[in-house]
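In what follows, a structure is listed as structure tokens, so that the remarks can point back to it.
The values are calculated or read from the model by the stated rules, or taken from the named source; none is laboratory data. Computed from a predicted model, the values in this text were never measured in an experiment. Neighbour counts are summed over all protein chains in view; Cβ atoms, including those assigned to glycine, are modelled from backbone coordinates with ideal geometry. Please note that ligands, DNA and RNA were not included when accessible areas were found on the heavy atoms of the full protein model with its side chains. Shrake-Rupley method; radii C 1.70, N 1.55, O 1.52, S 1.80 Å.
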Amino acid sequence: MNDTLEKLEAIEEVLQQVIVTINSYDKKEVKLPEIRIPDYKKELLDINGQLHELKQNRDNVLIEKLSQKIQQLDLTKQPVKQYRFLLFPETNQGQYYKIVFGRLIPWGILLMGLVFLFALAQKGLDVWRIKEYNQQADRYVKAWNYMNNHAESKLVKKRMDEAWEKANQ
């Protein structure tokens, strides 16, 4: 029970210190930075006077002077358009490296491996087809030779030789 009372007293002391700190912040004055607005009163009065003279005299010299003044006071500058291709980011480089080395490079290697395996499988399939074709052709040649060797009449051998010649043309 004494421990609980001691803890409550310690908490009350801490709360009192927090209240004192908060009250000291309330008493402080907040200072705002001064904002300076440029004074264009002189330039505007000058332009107004020149416009008044222009209305009265209608002289081309005054028009040229006025256009020169306007060009000198060119306050509105056009923004410059930029087109950039960034290979490396200006901010948050850690995220960039995480994406490149954690995702793009492994996936790129995997894609290249799959393309290689696909090309290898295609070559293997072509080799298998050629092997099957050659085995079938060997069977035909063996059958032809067997028929040619076991033909009993010369007429059959002669016709088989003619067929052979026509096939080789």
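Could you pull out the residue among Met160, Met112 that is touching a residue at least 12 places away in the same chain (Cβ under 8 Å) and assigned to a helix (DSSP H, G or I)? Every option except Met160 fails the conditions. The condition (being more than 30 Å from Trp164 (Cα to Cα), open to solvent by 100 Å² or more (accessible area, probe 1.4 Å) and at pLDDT 80 or above) is satisfied by just one residue among Arg129, Arg36, Arg58, Arg139: Arg36.
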